[in-house]
Amino acid sequence: MSQTIRHHLHVLEAADWKAGIITLLEPASPYRPWRYGFAEARPGDYAMLVLGTDPVSVLTVLARIDTEEWPGGAMLDLRRYRANVVDLTTLAMMLDLEDAFTSWRFDDADAERLILALHESPIHGEPSYRWGHSSVAAARNLLRFDGDCDGCGATVDLSDSDARRQVHVHTADPRLRPEPDSPIWTSARQERSHHYRISPRETVTDWPAVLCQACHNQMRGGGHTSFIEFRFATHPQCPRCGAKRTRRIQYGMPATGPDTWGPWLLMAGCCLEDEDWYCDVCEHRWW
Ligand SMILES: [Zn+2]
Ligand SMILES: [Zn+2]
């Protein structure tokens with residue numbers, strides 16, 4: 001009995017994950033890192049993007065084989081804060097995929113399970129998934145890059161043939177769980193705090209970032225290993241009390257939750273004021 005194939009899921013693979021992400025962020029990039037099979041591709045079929053990170057990862061947003069101009073390619077609707085990556089080995093183990101690393105195409109039940117896991121239940125990813133030094137964490141951070149250096153705000157031209165070397169992903173040590181309370185207390189027992197979850201803004205010492213060549217060099221030259229310390233070092237001293245760790249005031253409604261704002265920023269709401277800087281020590285604001 002012949003069975004009609006209902007689902008195809010094709011594979012596009014970029015062994016050079018950094019070049020791969022650059023072409024996703026900037027379609028005008030001259031890089032051509034993608035390999036693909038597209039055997040018996042039909043317009044509307046889904047395609048899964050695989051990146052040669054370690055471990056190998058998969059983009060959580062599926063592409064679609066272009067309908068009109070075959071052989072055109074695959075369309076990808078990359079909404080920056082939605083795009084993330086998951087580890088392909090784990091995915092293959094959980095979805096029981098036999099040839100996850102060798103096949104250019106998944107059919108029927110395998111394709112359905114993958115489409116269901118990635119497309120039908122969109123994976124957004126918590127900010128905490130961006131910590132750690134693996135190339136998967138680096139890929140997550142580069143995927144969120146909006147084109148402006150996190151250090152100085154200068155635009156990095158991702159369409160440049162040298163973009164791969166001009167954009168640097170700074171990765172940060174993995175985040176630790178909060179310290180537990182001491183199991184020892186006296187009869188005059190004080191209120192016990194239950195810090196099972198705290199904001200990374202208050203606890204982390206480093207922050208993942210995407211940097212331009214100049215900031216990367218400046219950070220290295222200045223001996224900074226933490227991006228938070230590097231940012232604070234570039235801020236002016238408080239003109240009133242002389243405090244050094246001053247914060248940059250950011251106006252407007254942030255598109256993302258407070259866990260994604262670096263500790264060097266002060267979110268000041270929608271009312272645009274003149275002041276650019278804030279001092280935590282004496283609460284002075286200036287521009
Ligand atoms: Zn920079
Ligand atoms: Zn001050």
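For this structure, a couple of remarks:
- Restricting the range 202-241 to residues that are among the basic types (Lys, Arg) and more than 16 Å from ligand 2 (Cβ to nearest atom), the residue that is nearest to ASP146 (Cα to Cα) is ARG231.
- Scanning the range 221-237 for residues being assigned to a helix (DSSP H, G or I), without any contact (Cβ under 8 Å) to a residue 60 or more places away in the chain, out of contact with any Lys or Arg (no Cβ under 8 Å at 6 or more places or on another chain) and not small (Gly, Ala, Ser) gives a total of 2.
- The residues in the range 238-280 that are more than 16 Å from ligand 1 (Cβ to nearest atom), outside any strand (DSSP E or B) and within 30 Å of ARG130 (Cα to Cα) can be counted, and the count is 21.
- Residue in the range 30-37 that is closer than 20 Å to LEU95 by Cα, crowded, with 16+ Cβ neighbours inside 10 Å and touching a His at 6+ places or on another chain (Cβ under 9 Å) present: no
- Scanning the range 112-134 for residues that are in contact with a Leu (Cβ under 7 Å, 6 or more places away or on another chain) and of a type outside the set (Val, Ile, Thr) gives ARG113, LEU114, ALA117, LEU118, HIS119.
- If you go through the range 4-18 and keep only what is surrounded by 18 or more Cβ atoms within 10 Å (Cβ to Cβ) and not acidic (Asp, Glu), you end up with HIS8, LEU9, HIS10, VAL11, LEU12, ALA14, TRP17, LYS18.
- Residues in the range 202-234 that are modelled with pLDDT under 95 and touching a strand residue (DSSP E or B) at 6+ places or on another chain (Cβ under 9 Å): VAL204, THR205.
- Pairs where the first residue, in the range 198-210, is part of a loop (DSSP other than H, G, I, E, B) and the second is buried (at least 18 other Cβ atoms within 10 Å of the Cβ) and modelled with pLDDT under 90, C-beta under 9 Å, 6+ apart: TRP207/PRO200
- Which numbered condition TRP286 misses (of (1) of a type in the set (Phe, Trp, Tyr); (2) within 16 Å of ligand 1 (Cβ to nearest atom); (3) over 23 Å from PRO127 (Cβ atoms)): (2)
- When LEU51 is tested against the conditions (1) loosely packed, with under 13 Cβ neighbours inside 10 Å; (2) modelled with pLDDT of 95 or more, the lone failure is (1).
- Taking first residues from the range 98-114 that are not assigned by TED's automatic domain parsing to the domain that holds LEU49 and partners that are at pLDDT 95 or above, no Cβ contact under 8 Å between residues at least 6 apart in sequence or on separate chains turns up.
The values are calculated or read from the model by the stated rules, or taken from the named source; none is laboratory data. These numbers come from a predicted model, not from an experiment. Cβ coordinates were reconstructed from backbone atoms using ideal geometry, including for glycine residues, and neighbour counts include every protein chain displayed.
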